[in-house]
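S.K.: Can you read through this structure? Questions will come right after.
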Amino acid sequence: MDLALETRKPTQARADVLVLGRYADGSRPHAEIVAVDRALDGLLSRVLASEKFEAKPGQISYFHSGGKLPAERVLVVGLGPHRRGGPAITRTHADAESVRRAASAAVRRARDLGAATIAVFMPPDGLSPRERAQAVVEGALLGTYRFDKYLKEKNGKVVRSLTVLEPDRRGVAGAREGLRLGRIWAEAACLTRDLVNEPANVVTPTFLARHASEIAQEGGLGLKILERADCAKMGMGAYVGVAQGSEEPPKFIHLTYTPKGRARRRVAIIGKGITFDSGGLDLKTADGMLRMKDDMAGAAAVLGLFQALPRLKPPVEVHGLIAATENMPSGTAQRPGDIVRAMNGLTVEIGNTDAEGRLTLADALSYAVKHIEPDEMVDMATLTGAVVIALGQGLSGVMASDDGLAARVLSAADAAGERMWRLPLHEEYKDGLKSDVADLNNISSQRGAGAIVAALFMREFTSGVPWAHLDIAGTAFTERELPLGPKGATGVTVRTLLEYLSSMSGRR
Ligand code: BES
Ligand code: ZN
Ligand code: ZN
């Protein structure tokens, strides 16, 4: 999709469809929209009145302009109520999400109506021109995303160009920057979606490593790939143990983005990279296994993030880690009852081979602590079915050893419109992870709180470095269409991470 910024007024915009955003606050519409109505001899207000258009979020009304505007059709999209009261930051975040969702709904519908060129005017609100333009572009690109490469019959309706209208000259520079950021952020999330939507016979650990190397080459990033033997030699017994049942060679991927000038902080971002989770010898049921190609959604988010970083250039040193492997049953597979030693020296009894994510992450965290010495670490993992029971498919779970880091991650998620909720690392549940024969068991002997227990297990490998863990088992993949995307991979956490790293620019 080509993106452009124009200072034209909506009445002058040339496009197959002119999209106009509208708040549900009952007040007089924006002057530019009044001008459109006037050019149409009042058709706009008549159509909205006769349809009882309430400007509910995503509500749409459209009609032909009958040659009275350069735009062939006009499509009005509801933004919902304008936020009033409460803290300004909350209002800004809510308004940005309204614009994203409205742009997504409008551009999707315009595309389905056959529009190849679309111009969008969202009335000024609490957002800066940059924030508004970025939200429009994110909504448009995320909303029209498709994964159709394996279909013979593709939907031929494609939006060729999207023009953001910013008639106020004072807002042009900001809006142009918003356009640029929106594209980078959305493209990063869409890369993540692609990688998760690809099946596990394509996306193997080797494929992820190759893709990481392409991203590194393109962006001038540092890259280290560790092979099975390297990992064994470095003491990553927990990770290598998971990988030992698979014919596909594991790949430990370490990407590095180094800013020009002094880095304000050093951060490690770690993604669970199980390219297929069969459960291992503790085999999953057919139903449970069906979607397990998405067990590398955390890793895919790392790659999406690192595609964006060289284009954004935040003043933060960022390390991306992926301990990629399949989890397969075979004659060489890890057995229940096996004992492995992680890189930090702790021994782990394998209570269940299906609790493999925490084992691979244990060594990735240990590696980060030992070889990167970060100021803080964040991991994303499709880690537990339990988090889906606790929070459903609309919220990712956040578990953190540091309140400041947790607050910054949650605030970034809010700004990005990705819903997250913190769960407590309740100390007493650690007892359940005791083993008679090793330092830890990888599953708990007690019932319940599975998401928290998994996080408590992982915390043992963080050596006190501030750490936040995002359990995205419920949010990485969706079985129904969402406001910002179709069925399938969501690309969750990519925009939260971009926000988190961008907002770090001012710190320290
Ligand atoms: N990859 C799964 C978690 C998962 C479940 C992701 C559903 C997405 C949807 C993970 O490796 C797993 O199998 N976890 C087990 C842990 C249990 C054996 C302690 C689970 O949650 O059932
Ligand atoms: Zn598993
Ligand atoms: Zn898994």
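S.K.: With respect to V120, determine if the residue is under 18 Å from Y62 (Cα atoms) and either out of contact with any Gly (no Cβ under 6 Å at 6 or more places or on another chain) or in a helix (DSSP H, G or I) (or both). Explain how you work it out, then say what you get.
M.R.: Details: under 18 Å from Y62 (Cα atoms): yes; either out of contact with any Gly (no Cβ under 6 Å at 6 or more places or on another chain) or in a helix (DSSP H, G or I) (or both): yes.
Considered against the rule, which asks whether it is under 18 Å from Y62 (Cα atoms) and either out of contact with any Gly (no Cβ under 6 Å at 6 or more places or on another chain) or in a helix (DSSP H, G or I) (or both), V120 comes out as yes.
S.K.: Ok, one more. Within the stretch 255-272, how many residues are away from ligand 1 (no atom under 16 Å from the Cβ) and open to solvent by less than 10 Å² (accessible area, probe 1.4 Å)?
M.R.: The first filter runs over the stretch 255-272 and keeps only residues away from ligand 1 (no atom under 16 Å from the Cβ), leaving 255-269.
Now restrict to residues that are open to solvent by less than 10 Å² (accessible area, probe 1.4 Å): 255, 267-269.
Looking only at that region, the number is 4.
S.K.: Based on what the data block shows, is A438 in contact (Cβ under 8 Å) with a residue 24 or more places away in the chain, buried (at least 17 other Cβ atoms within 10 Å of the Cβ) and in a loop (DSSP other than H, G, I, E, B)? Walk me through it before giving the result.
M.R.: Values: in contact (Cβ under 8 Å) with a residue 24 or more places away in the chain: yes; buried (at least 17 other Cβ atoms within 10 Å of the Cβ): yes; in a loop (DSSP other than H, G, I, E, B): yes.
So A438 passes the test.
One line per residue, one yes/no per condition, for (1) surrounded by 17 or more Cβ atoms within 10 Å (Cβ to Cβ); (2) in contact with a strand residue (DSSP E or B) (Cβ under 7 Å, 6 or more places away or on another chain):
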| position | (1), (2) |
| --- | --- |
| Y145 | yes, yes |
| N155 | no, no |
| V158 | no, no |
| L162 | yes, yes |
| D168 | no, no |
| R183 | yes, yes |
| T206 | no, yes |
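S.K.: Out of all the residues in the stretch 273-309, which are out of contact with any helix residue (DSSP H, G or I) (no Cβ under 9 Å at 6 or more places or on another chain) and more than 11 Å from ligand 1 (Cβ to nearest atom)? Even if it seems obvious, please write down each step before you answer.
M.R.: Step one: filter the stretch 273-309 for residues out of contact with any helix residue (DSSP H, G or I) (no Cβ under 9 Å at 6 or more places or on another chain), giving 281-282, 285-287, 289-292.
Hits for the stretch 273-309 are L281, A286.
S.K.: When both residues are 6+ apart or on different chains and their Cβ atoms are under 6 Å apart, which pairs have a first residue that lies in the stretch 303-326 and is more than 11 Å from A268 (Cα to Cα), and a second that is polar (S, T, N, Q)?
M.R.: Matching pairs, first to second residue: G304/T192; P314/S502; P314/S505; P315/S505; A323/T360; E326/S246; E326/T275.
S.K.: Now for a separate question. Please specify each residue of the stretch 310-339 satisfying the condition of being within 16 Å of ligand 1 (Cβ to nearest atom) and more than 30 Å from K260 (Cα to Cα). Don't jump to the end; show me each part of the working.
M.R.: So the first thing to find is which residues in the stretch 310-339 are within 16 Å of ligand 1 (Cβ to nearest atom), and the list is 322-329, 333-338.
Hits for the stretch 310-339 are T325, E326, N327, M328, P329, A333, Q334, R335, P336, G337, D338.
S.K.: If you don't mind, another one. Take the residues in the stretch 321-347 that are away from ligand 3 (no atom under 16 Å from the Cβ) and in a strand (DSSP E or B), then tell me which one is nearest to G298 (Cα to Cα).
M.R.: L321
S.K.: While we're looking at this one, here's another question. Yes or no: G219 over 30 Å from G279 (Cβ atoms), in contact (Cβ under 8 Å) with a residue 60 or more places away in the chain and within 23 Å of the chain's Cα centre (by Cα)? Working first, answer last.
M.R.: Values: over 30 Å from G279 (Cβ atoms): yes; in contact (Cβ under 8 Å) with a residue 60 or more places away in the chain: yes; within 23 Å of the chain's Cα centre (by Cα): yes.
Answer is yes for this residue.
S.K.: Got at least one residue in the stretch 26-34 being surrounded by 13 or more Cβ atoms within 10 Å (Cβ to Cβ), in the same structural domain as H82 (by TED's automatic domain parsing) and of a type in the set (G, A, S)?
M.R.: So far as the stretch 26-34 goes, no, none of its residues is surrounded by 13 or more Cβ atoms within 10 Å (Cβ to Cβ), in the same structural domain as H82 (by TED's automatic domain parsing) and of a type in the set (G, A, S).
Listed here are the residues, each with its yes/no results for (1) assigned to a helix (DSSP H, G or I); (2) surrounded by fewer than 20 Cβ atoms within 10 Å (Cβ to Cβ); (3) outside the structural domain of R265 (by TED's automatic domain parsing).
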site: Y429; (1), (2), (3): yes, yes, no
site: G432; (1), (2), (3): yes, yes, no
site: S445; (1), (2), (3): no, yes, no
site: H469; (1), (2), (3): no, no, no
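S.K.: Take the residues in the stretch 10-25 that are open to solvent by less than 60 Å² (accessible area, probe 1.4 Å) and without any contact (Cβ under 8 Å) to a residue 60 or more places away in the chain; name whichever of them is farthest from G126 (Cα to Cα). Outline the logic, then answer.
M.R.: Initial filter on the stretch 10-25 (open to solvent by less than 60 Å² (accessible area, probe 1.4 Å)): 10-11, 13, 15-21, 23-25.
Going one step further and asking which of them are without any contact (Cβ under 8 Å) to a residue 60 or more places away in the chain, we end up with 11, 24-25.
Working: T11: 23, A24: 15, D25: 14 Å.
Only one residue fits best here, namely T11.
S.K.: When G331 is evaluated against the numbered criteria (1) more than 29 Å from the chain's Cα centre (by Cα); (2) in contact (Cβ under 8 Å) with a residue 24 or more places away in the chain, which criterion, by number, is the only one it fails?
M.R.: (2)
S.K.: Which of the residues spanning the stretch 288-301 are more than 13 Å from P205 (Cα to Cα), open to solvent by 10 Å² or more (accessible area, probe 1.4 Å) and in a helix (DSSP H, G or I)?
M.R.: Listed by number, the residues that qualify are G288, M289, M292.
Yes/no per residue for (1) touching an Asp or Glu at 6+ places or on another chain (Cβ under 6 Å); (2) surrounded by fewer than 20 Cβ atoms within 10 Å (Cβ to Cβ); (3) not aliphatic (A, V, I, L, M):
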| position | (1), (2), (3) |
| --- | --- |
| R176 | no, yes, yes |
| L179 | no, no, no |
| L191 | no, no, no |
| A200 | no, yes, no |
| R210 | no, yes, yes |
| L221 | no, no, no |
| M236 | yes, no, no |
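S.K.: Cβ-Cβ distance below 8 Å, separation of 6 or more or different chains: which pairs start in the stretch 194-216 with a residue that is within 22 Å of Y145 (Cα to Cα) and end on one that is among the basic types (K, R) and open to solvent by less than 40 Å² (accessible area, probe 1.4 Å)?
M.R.: Short answer, once both residue conditions are applied: L208/K251.
S.K.: Restricting attention to strands (runs of 3 or more DSSP E) lying wholly within the stretch 351-422, give those where 1 or more residues are touching a residue at least 40 places away in the same chain (Cβ under 8 Å), within 16 Å of ligand 2 (Cβ to nearest atom) and surrounded by fewer than 18 Cβ atoms within 10 Å (Cβ to Cβ).
M.R.: Numbers: elements: 376-381, 396-400, 420-422.
Once the strands (runs of 3 or more DSSP E) in the stretch 351-422 are filtered for at least 1 residues that are touching a residue at least 40 places away in the same chain (Cβ under 8 Å), within 16 Å of ligand 2 (Cβ to nearest atom) and surrounded by fewer than 18 Cβ atoms within 10 Å (Cβ to Cβ), nothing remains.
S.K.: Filter the stretch 270-287 for residues that are in contact with a strand residue (DSSP E or B) (Cβ under 9 Å, 6 or more places away or on another chain) and either within 11 Å of ligand 3 (Cβ to nearest atom) or part of a helix (DSSP H, G or I) (or both) and give the result. Full working, then the answer.
M.R.: From the stretch 270-287, those in contact with a strand residue (DSSP E or B) (Cβ under 9 Å, 6 or more places away or on another chain) are 270-280, 284; that's our starting set.
The answer is K272, G273, I274, T275, F276, D277, S278, G279, G280, K284.
S.K.: Another question about this same structure. Among all residue pairs at least 6 apart or on different chains, which show Cβ distances below 7 Å where the first residue, located in the stretch 46-57, is touching a residue at least 40 places away in the same chain (Cβ under 8 Å) and the second is of a type in the set (S, T, N, Q)?
M.R.: Listed pairs, sorted by first residue: P57/S98.
S.K.: With A473, A438, A468 as the choices, which residue is of a type outside the set (F, W, Y), modelled with pLDDT of 95 or more and in contact with a Gly (Cβ under 8 Å, 6 or more places away or on another chain)?
M.R.: Numbers: A438 fails: in contact with a Gly (Cβ under 8 Å, 6 or more places away or on another chain); A468 fails: in contact with a Gly (Cβ under 8 Å, 6 or more places away or on another chain).
Unique residue meeting the criteria: A473.
The values are calculated or read from the model by the stated rules, or taken from the named source; none is laboratory data. If you're wondering where the values come from, they're calculated on a predicted model, not measured in any experiment. Here the Cβ is made from the backbone with ideal geometry for all residues, glycine too, and neighbour counts use every protein chain on show. For the accessible areas, the whole protein counts, side chains as well, though only heavy atoms, and no ligand, DNA or RNA atoms are used. Shrake-Rupley method; radii C 1.70, N 1.55, O 1.52, S 1.80 Å.
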